[in-house]
Amino acid sequence: MPRRLFFSLSVCLLFPFAPSVRADELADRIDAVINAPVYREARWGILVVDANTGKPVYSRNADQVFAPASTHKLYTCAAALIAFGPDHRFETPVYHWPGGPRPAGRRPGPRRLR
């Protein structure tokens, strides 16, 4: 499923670079993707606007409120990549303190992340 989602997002992101298409042809292309059986449980909110006129070319549930999902993560990851760079590694120290139960093969005591 993630590969299909990535493909769908890629197709949608590439639409601005595609040759100019008529509004009804664009609607048919988008509908073909979002009406596929694999997405029967999905909710879509789409608004395509003509860059020159500002008029809507395609709209589906554009006024609906959606909880951010994977597309929101793309922006967050891109911002972190820009801010920290591709070679940055976050360090998560793990602290141990004695006195807790000892699971088999592990150090005694509970652990916590900081």
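Could you give the nm distance between label points at Leu81 and Ala51, where each point is 7 Å from its Cα heading toward the beta carbon?
Using points 7 Å along Cα→Cβ, the separation is 2.0 nm.
Taking 0.36 nm per residue of separation and subtracting the Cα-Cα distance, what length does fully extending Gln64 through Asp28 add? Walk me through the intermediate numbers first.
Details: separation 36, 0.36 × 36 = 12.96 nm, distance 2.13 nm.
In short, 10.8 nm is gained.
Taken together, the values in this text are just the output of simple stated rules run on the coordinates, not laboratory data. Everything quoted here is computed from the prediction, not taken from an experiment. We place every Cβ from the backbone using ideal geometry, glycine too, and count neighbours over all the protein chains shown.
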